[in-house]
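S.K.: There's a structure below that I have some questions on.
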Amino acid sequence: MRLSRSKVDLFIECSLCFWLDQKKKIKRPSGPPFTLNVAVDHLLKNEFDASRGKEVPERLAREGLSFVPAKHDSLNRWRENFKGVTRTYRGIEFFGAIDDLWQDMFGVHYVVDYKATSKADEVNLDADWQIAYKRQVEFYQWLLRGNQLEVSDQAWFVYANGIKGDEFFNDQLGFKTKLISYNGNASWIEPTLDSLVECLASESPPTASKDCPYCQYVVKRRFSDTQNVPDYQTVAVKVRLPIKAVRKANKDANGNHVLEILETSLDHRCQMDDLVTKVIKKNGGRITIPNKKKVLEAIYALQEIGKIRLQNGMAVLISNS
């Protein structure tokens with residue numbers, strides 16, 4: 001079995017969503033691809049590849065850093081989506097595709113991740129949601145250490161920020177790129193993977209995370225649907241009842257629906273065809289001739305006892321006052 005770093009992050013966000021994804025193949029809705037970010041990644045890789053294994057890139061030298069982009073036989077595979085760096089833990093192969101790897105003069109490696117955005121403020125890693133970025137590089141550090149590589153706790157983000165200026169576009173988009181250092185701590189990974197394995201072994205779904213927007217949407221939708229259930233419904237026959245009694249009960253339910261619709265309609269009136277259709281839909285039935293006849297029978301019965309009157313193709317509720 002293979003699980004990507006993003007699946008581990010899914011488990012951390014919501015164990016129920018992870019369980020449904022893996023056990024029932026029910027996946028969260030996917031968002032649009034960030035194609036501009038992919039383009040920035042590609043260009044940054046081109047930039048650092050020019051110095052790979054040779055010298056300190058100019059971008060790093062300007063910041064007083066002496067890292068050289070690492071040259072490794074497996075680097076191309078480690079950077080490829082769906083392949084990446086792999087490490088087996090408790091019978092599962094975990095993997096993740098890194099953006100880059102730098103090396104210092106002592107042979108210690110540093111995980112590098114490219115990010116791209118466009119915002120007025122200076123880029124940083126201070127937002128709550130950016131904990132996912134930090135977990136990402138920590139997971140890469142853990143994967144690489146499983147490949148007999150000496151990896152520093154220090155990781156680097158090359159964070160490109162698109163500038164929204166007042167100039168014309170002219171087919172050019174300017175960026176201000178910042179190098180951000182982050183000291184990772186991978187101690188959470190193996191305890192988390194132990195819990196993940198237990199989740200996979202369970203045949204019962206776990207509890208949803210209270211912060212999961214997907215699960216909360218489902219809960220709200222279910223609650224909303226229950227508010228639309230009427231207090232009375234057409235009798236569902238579960239035992240053998242006399243046919244006469246069943247017909248009377250269904251007729252009474254249709255009559256109640258007619259009165260309810262008229263009470264909530266403008267001027268307490270409704271066009272006959274619309275009224276018939278609405279009653280059938282409230283019963284969850286299909287618009288068929290037999291169902292229309294049953295509703296019409298209920299409407300005529302209400303007219304006979306003085307609850308409504310029929311006038312010019314309209315059914316009108318008669319006030320009790």
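S.K.: Reachable lysines from Lys134, Cα under 17 Å, same-chain residues fewer than 8 places away excluded?
M.R.: Lys7, Lys115, Lys178
S.K.: Still on this structure: Calculate, for Thr288 and Thr264, the FRET efficiency according to 1/(1 + (r/R0)^6) with r their C-beta to C-beta distance and R0 25 Å; round to the nearest 0.05. Please list the in-between numbers first.
M.R.: On the way: r = 25 Å, r/R0 = 1.00.
In this case the efficiency is close to 0.50.
S.K.: Where in the chain is the longest stretch that carries no chymotrypsin sites (Phe, Trp or Tyr not before Pro) classed as loop by DSSP and with at most 13 other Cβ atoms within 10 Å?
M.R.: Between exposed loop sites, the widest span is 233-321.
S.K.: Given [x] 142; [y] 263; [z] 152 as candidate values of volume of the Cα convex hull per residue in Å³, which corresponds to the one derived from the coordinates?
M.R.: Checked against the structure: label [y].
S.K.: How many times 2.2 N^0.38 Å is the alpha carbon radius of gyration of region 243-317?
M.R.: Details: Rg = 11.5 Å, N = 75, 2.2 N^0.38 = 11.3 Å.
That works out to 1.01 for region 243-317.
S.K.: Which GluC sites (Glu not before Pro) in region 107-162 pass both tests, a DSSP loop state and at most 13 other beta-carbon atoms within 10 Å?
M.R.: Within region 107-162, the qualifying GluC sites (Glu not before Pro) (loop, at most 13 other Cβ atoms within 10 Å) are Glu122, Glu150.
S.K.: Set Lys and Arg Cβ to +1 and Asp and Glu Cβ to -1, take the dipole of the chain about its Cα centre, and tell me which of Gly64, Leu75, Val197 lies farthest positive.
M.R.: Val197
S.K.: His72: net charge of surrounding residues, Cβ under 13 Å, Lys/Arg +1, Asp/Glu -1, itself excluded?
M.R.: Net local charge, His72 excluded: 0.
S.K.: Which one, Asp267, Asp113, Asp49, has the greatest fluctuation when you compute a Gaussian network model over the chain with C-alpha springs under 10 angstrom?
M.R.: Answer for the Gaussian network model of the chain: Asp267.
S.K.: Which Cys in the chain stand alone, with every other cysteine's Cβ at 4.7 Å or more from theirs?
M.R.: Lacking a cysteine Cβ partner under 4.7 Å: Cys199, Cys270.
S.K.: Right, next: Using the Cα gyration tensor of region 24-116, with a ≥ b ≥ c the square roots of its eigenvalues, what is the shape: rounded (a/c below 1.5), prolate (a/b larger than b/c) or oblate (neither)?
M.R.: It comes out oblate by the Cα gyration axes.
S.K.: Considering region 1-160, what Rg and Dmax in Å follow from its alpha-carbon atoms?
M.R.: Every Cα atom of region 1-160 included, Rg and Dmax give 16.7, 51 Å.
S.K.: Bins of 10 Å, beginning at zero and ending with the bin holding the largest distance: percent of Cα pairs per bin for region 108-224, please.
M.R.: Once binned at 10 Å, the Cα pair distances of region 108-224 give 11, 27, 26, 23, 11, 2.
Quick note: the coordinates plus some simple rules give every number you see, no bench work behind them. None of the values given here were measured: they were computed from a predicted structure. Here the Cβ is made from the backbone with ideal geometry for all residues, glycine too, and neighbour counts use every protein chain on show.
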